[in-house]
Amino acid sequence: MNNTANHYAGGQERAALLREDETWQAAARARPDARAIGLWRGQVLVVGDDAAPQAARLALRPEWDETLVFLGVEADAPLFAVDLSAHEAAPNYGAGAYYELRGIGARLPGQDAGWCATARGLFNWWASHKFCPACGAGLRRVRAGWVLQCASCDREHFPRTDSAVIMLVVKGERVLLGQAHKFPPERNMYSTLAGFVEPGESLEDAVRREVAEEVGVRVGKVHYRSSQPWPFPASLMLGFVAQAESEEITLEETEMRDAKWFTRADLEAHAALGFSLPPKDSIARRLIDEWLTSA
Ligand SMILES: [Zn+2]
């Protein structure tokens with residue numbers, strides 16, 4: 001198994017124990033070398049030219065205090081992210097321009113993609129968790145932004161991550177890829193199947209259930225490969241290879257536009273054959289590429 005991290009899993013120094021140290025946090029915010037990555041409504045502030053874009057590292061401003069989250073340590077300096085979504089227009093502080101993370105992500109350096117994925121996931125969570133699920137009172141941000149605590153019942157709420165399985169279905173020398181209705185039709189993209197894990201379900205059973213539901217194929221053995229944070233808005237993709245025990249495809253037509261079995265030669269000639277594969281920063285593509293090079 002290849003142990004290289006997937007894109008968005010940059011292996012950053014999160015320094016998680018320092019989140020609880022309020023003295024250290026206050027001092028870190030006052031340091032002249034402290035920096036913040038800026039996000040506005042899911043978009044990230046990016047600098048650098050087209051060939052080498054990077055997330056901007058902004059000097060901290062006092063008015064950001066309530067909207068900072070501590071990301072970790074970078075080159076011995078504290079690194080934060082600031083949620084600028086409350087601004088009507090995205091402020092760029094004289095540096096760069098905003099891009100949707102999902103669009104620019106593949107071109108950012110691995111470390112930046114990881115920091116941005118973390119920030120995007122946390123800010124999504126802040127935006128969608130304004131009130132205590134237990135009593136309905138307001139929540140306040142504690143532990144450097146990583147915990148939301150109820151102002152009334154004191155209950156603590158933690159960032160939510162939705163587990164999703166994503167699987168390359170293999171039978172002999174062919175793999176099954178599908179095209180969901182949510183993919184833009186003009187891209188004619190075929191990708192691995194995927195779906196969310198349900199309560200009370202193992203990952204292996206989720207793989208078998210999703211494949212059966214979407215294409216009617218029976219899966220036997222399931223092998224884990226690697227995982228990828230996918231904060232669009234809050235998923236963790238868990239990647240598998242699934243061995244098919246049947247071949248006939250029965251398409252679930254409300255979700256899927258098409259599904260087919262492909263040979264290695266088909267996939268290698270995808271451009272000439274008029275279809276596309278998932279983007280290079282996705283675990284879907286990695287599962288496909290690992291299979292292509294495993295022969
Ligand atoms: Zn409460």
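Here, each number is a calculation from the coordinates, and none is a lab measurement. Please read all numbers here as calculations on a predicted model, not as lab measurements. Neighbour counts run over all protein chains shown; Cβ positions are idealised from the backbone, glycine included.
May I ask you to compute the full-extension gain from residue 61 to residue 236, defined as 0.36 nm times their residue separation minus their alpha-carbon distance, rounded to one decimal in nm?
Computed gain between residue 61 and residue 236 is 59.8 nm.
Calculate the spin-label point distance for residue 102 paired with residue 73, positioning each point 7 Å from the Cα along the beta-carbon direction, and give it in nanometres.
Using points 7 Å along Cα→Cβ, the separation is 3.6 nm.
Calculate for the chain the 222 nm mean residue ellipticity that helices alone would give, adding -39,500 (n - 2.57) per DSSP H run of length 4 or more and normalising by residue count, nearest 500 deg cm²/dmol.
That calculation yields -6000 deg cm²/dmol at 222 nm.
Taking R0 as 25 Å, what FRET efficiency do you get between residue 134 and residue 31 from their Cβ-Cβ distance, rounded to the nearest 0.05?
According to the calculation, E is roughly 0.10.
With each label point set 7 Å from Cα along the Cα-Cβ vector, what nm distance links residue 86 and residue 49?
Using points 7 Å along Cα→Cβ, the separation is 3.8 nm.
All other residues with a Cβ under 13 Å from the Cβ of residue 133 taken together, and with Lys, Arg as +1 and Asp, Glu as -1, what is their net charge?
Within the 13 Å Cβ shell, the charges total +2.
Measure nothing fancy, just the Cα-based angle from helix 110-128's long axis to the longest principal axis of the chain, in degrees from 0 to 90, nearest 10.
Helix 110-128 sits roughly 80 degrees off the main axis of the chain.
Between the helical axis of 203-215 and the dominant principal axis of the chain, each derived from Cα atoms, what acute angle in degrees is found, rounded to the nearest 10?
That works out to roughly 60 degrees.
Going Cα to Cα from residue 171, which lysines come in below 23 Å? Please leave out same-chain ones fewer than 8 positions away.
In chain and number order, the partners are 221, 260.
Which part of the range 90-116 falls in the paramagnetic zone of residue 41, meaning amide N under 11 Å from the point 7 Å along Cα-to-beta-carbon?
Residues passing the 11 Å test: 90-91.
With a ≥ b ≥ c taken as the square roots of the eigenvalues of the C-alpha gyration tensor of the range 1-124, please select rounded if a/c is under 1.5 and otherwise prolate if a/b is larger than b/c or oblate if it is not?
Because a/c hits 1.5 or more and a/b fails to exceed b/c, the range 1-124 counts as oblate.
Could you tell me which of rounded, prolate or oblate describes the chain, using a ≥ b ≥ c as the square roots of the eigenvalues of the alpha-carbon gyration tensor, with rounded for a/c under 1.5 and, failing that, prolate when a/b is larger than b/c and oblate otherwise?
It comes out prolate by the Cα gyration axes.
Among 256-262, 130-136, 13-19, how do they line up by average Cβ neighbours within 10 Å per residue, starting with the highest?
For the peptides 256-262, 130-136, 13-19, the packing ranking is 256-262, 13-19, 130-136.
Determine the sum of side-chain charges near residue 218: Lys and Arg each +1, Asp and Glu each -1, restricted to other residues whose C-beta is under 10 angstrom from that of residue 218.
-2
Quote the FRET efficiency, to the nearest 0.05, computed for residue 218 versus residue 95 with a Förster distance R0 of 45 Å and r equal to the Cβ-Cβ distance.
0.25
Which residues in the range 156-178 have a backbone N closer than 17 Å to a point placed 7 Å from the Cα of residue 268 along the Cα-to-Cβ line?
Label zone hits: 173-175.
Where does helix 283-292 land angle-wise versus the long Cα axis of the chain, in degrees 0 to 90, nearest 10?
The angle comes out at about 40 degrees.
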